[in-house]
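Structure record follows, encoded as structure tokens.
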Amino acid sequence: MRLIATATVLVLMLSGCDDTTGQKPKTQVTGSVYHMMAHYLEPAADKIWGSAGFVITEDGEVDLQPTTDDGWFAVEHAAIVVAEGGNLLMLDGYAADQADWAEYAQGLTRAALKARDAAEQQDADALFAAGGEVYSVCRACHNRYMINAADE
């Protein structure tokens, strides 16, 4: 008898989890595209770019690649933030249009996932290449939308 009662309670509890309305949860952006770029995407992208390649100083060449597991993990984290940022940019409220904007956002996600994979493998050359792809997507999108925004 206890087994039947427990099973009945379990079935009733699980049936309450069923979404029969078919409605998606509503999402709402939390700021402007500028805020998304300045406070979310740019710091993460800067982490990727600042962790690949080298700079030349008066003292010689300085390799920018991380030298510890924690350093590589920080780049991996930044790449995941950028990848998810591409998804977030497609939300109503951020998306500038339904055509090119989505292409750029999806391209950003693809490039950032390459950076994530490179960081996971601690592959400095692949990270440099992926960082270049992230930059190219950002530049192309900015050329398309920031110039148009200045004309308005």
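Being of a type outside the set (S, T, N, Q) and surrounded by fewer than 16 Cβ atoms within 10 Å (Cβ to Cβ) is the filter here; which residues of the stretch 111-122 pass it?
Looking only at the stretch 111-122, we keep the residues that are of a type outside the set (S, T, N, Q), and these are 111-120.
Result: ASP117, GLU120.
Among the residues in the stretch 76-97, are any more than 23 Å from VAL29 (Cα to Cα) and modelled with pLDDT of 95 or more? If you could, list the steps in order and put the result at the bottom.
We begin by selecting, within the stretch 76-97, every residue more than 23 Å from VAL29 (Cα to Cα); these are 76.
Keeping just the survivors that are modelled with pLDDT of 95 or more gives 76.
Looking for residues that are more than 23 Å from VAL29 (Cα to Cα) and modelled with pLDDT of 95 or more, one finds at least one in the stretch 76-97, hence yes.
Tally the residues that are part of a helix (DSSP H, G or I) and either farther than 14 Å from ALA124 by Cβ or polar (S, T, N, Q) (or both), restricting the search to the stretch 44-61. Write out each step before concluding.
Looking only at the stretch 44-61, we keep the residues that are part of a helix (DSSP H, G or I), and these are 44-49.
From the residues that got through so far, the ones that are either farther than 14 Å from ALA124 by Cβ or polar (S, T, N, Q) (or both) too are 44-47.
The total comes to 4.
Identify the residue in the stretch 31-70 that is surrounded by 11 or more Cβ atoms within 10 Å (Cβ to Cβ) and β-branched (Val, Ile, Thr) and, among all such residues, is farthest from the chain's Cα centre (by Cα).
My answer is VAL33.
The values are calculated or read from the model by the stated rules, or taken from the named source; none is laboratory data. Just so you know, these numbers come straight off a predicted model, no measurement behind them. As a convention, Cβ positions derive from the backbone with ideal geometry for all residues, glycine included, and neighbour counts pool all protein chains shown.
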